[in-house]
1. Taking the stretch 23-61, which residues are crowded, with 17+ Cβ neighbours inside 10 Å and among the acidic types (D, E)?
2. In the list I116, I155, I120, which residue meets the criterion of being more than 20 Å from Y68 (Cα to Cα) and within 22 Å of the chain's Cα centre (by Cα)?
3. Within the stretch 201-211, how many residues are surrounded by fewer than 18 Cβ atoms within 10 Å (Cβ to Cβ) and farther than 16 Å from G5 by Cβ?
4. Consider only pairs whose beta carbons are under 7 Å apart and that are at least six residues apart or on different chains; among these, list those whose first residue lies in the stretch 145-166 and is charged (D, E, K, R) and whose second residue is part of a helix (DSSP H, G or I).
5. Name the pairs: first residue in the stretch 9-25 and assigned to a helix (DSSP H, G or I) and at pLDDT 80 or above, second residue exposed (fewer than 12 other Cβ atoms within 10 Å of the Cβ) and not basic (K, R), Cβ to Cβ under 6 Å, at least 6 apart or on different chains?
6. Mind telling me which of the residues S189, S137, S195, S173 ends up being polar (S, T, N, Q) and touching an Asp or Glu at 6+ places or on another chain (Cβ under 6 Å)?
7. All but one of (1) crowded, with 21+ Cβ neighbours inside 10 Å; (2) hydrophobic (A, V, I, L, M, F, W, C); (3) modelled with pLDDT under 95 hold for I64; state the number of the condition that does not hold.
8. Residue pairs, Cβ under 8 Å, 6 or more apart or interchain, first in the stretch 176-195 and at negative phi and of a type in the set (S, T, Y), second at pLDDT below 85 and outside any helix (DSSP H, G or I). List them.
Amino acid sequence: MDEFGSKVVELFTTPEYIDSLLHGFLLTLQISFFAILLGLLIGLIVALVDTSERSKWTILPKAICKIYTTIIRGTPMALQLFIMFFVIFAIRGFPQIIIAILAFGFNSGAYVGEVIRSGIQSVDRGQREAGLALGLSKFTVFRRIVAPQAIKNIIPALGNEIITVIKETAIVSMVGMYDLNMAAKDIGSGQNMASYIVPMFVAALFYLVTIYLITFAIKRIEKHLQKSEARG
């Protein structure tokens, strides 16, 4: 324990180690944040296409979305990352962070699409029909009746997907990106920090605190929505 404690002190008192961890953590946050935004956008589009009324104009979009979600959800994230890096964007000088954001964003979009779709379909169809019977447009029915209930229903699942994306970004070290995971490995291999235990422990702490804050925020949002519904 004395040796562990001394290594913890050494890590936090060595500017080089702290800079490495913060640099890696910043990259992790950047990839996660923009990938989550991209995933939400793609997921929303997929869900709206999938839940739209069947017509000859929606056959092709629905088929494309179905193929997309099947491929993404049926293959490992690591494999998708490798394909994006070494096949699709095998271009010298192309920003690695953009490739990583696209890889994780497209992966997340397939799962977010299913989450949003299930949320929309969880709203009683009778409420939609009642809104249309009152003379409301389809858009107004969706905006004022369907969307508020769907959002409330999908918040927990969306929160889980956000957490999953943040944790999955640790695999970018496999393609040579200097994220939090790679920073911990780099510090652990240094002459003055021979043991991997301390840097990996600190990296895990960074992830844990981040996930806890996100979980806390999601629970607050859930409580706020429940109070709003009760007042309504």
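The values are calculated or read from the model by the stated rules, or taken from the named source; none is laboratory data. All values derive from a computational prediction rather than experimental measurement. With ideal geometry, Cβ positions are generated from the backbone for all residues, glycine too; neighbour counts draw on all protein chains shown.
1. Answer for the stretch 23-61, where residues must be crowded, with 17+ Cβ neighbours inside 10 Å and among the acidic types (D, E): just D50.
2. Working: I116 fails: more than 20 Å from Y68 (Cα to Cα); I120 fails: more than 20 Å from Y68 (Cα to Cα).
Step by step, each of I116, I155, I120 is checked, and only I155 is more than 20 Å from Y68 (Cα to Cα) and within 22 Å of the chain's Cα centre (by Cα).
3. Step one: of the stretch 201-211, the residues surrounded by fewer than 18 Cβ atoms within 10 Å (Cβ to Cβ) are 201, 204-205, 208-209, 211.
Then keep just the ones that are farther than 16 Å from G5 by Cβ; that gives 204, 208-209, 211.
Within the stretch 201-211, residues that are surrounded by fewer than 18 Cβ atoms within 10 Å (Cβ to Cβ) and farther than 16 Å from G5 by Cβ number 4.
4. That search, which allows pairs on different chains as well, returns K152/L225; K152/E229; E161/S108; E161/Y111; E161/V112; E161/V115.
5. Close Cβ pairs satisfying both conditions: none exist.
6. Values: S189 fails: touching an Asp or Glu at 6+ places or on another chain (Cβ under 6 Å); S137 fails: touching an Asp or Glu at 6+ places or on another chain (Cβ under 6 Å); S195 fails: touching an Asp or Glu at 6+ places or on another chain (Cβ under 6 Å).
One residue alone meets the criteria, S173.
7. For I64, the exception is condition (1).
8. So the pair list comes out as S189/Y196.
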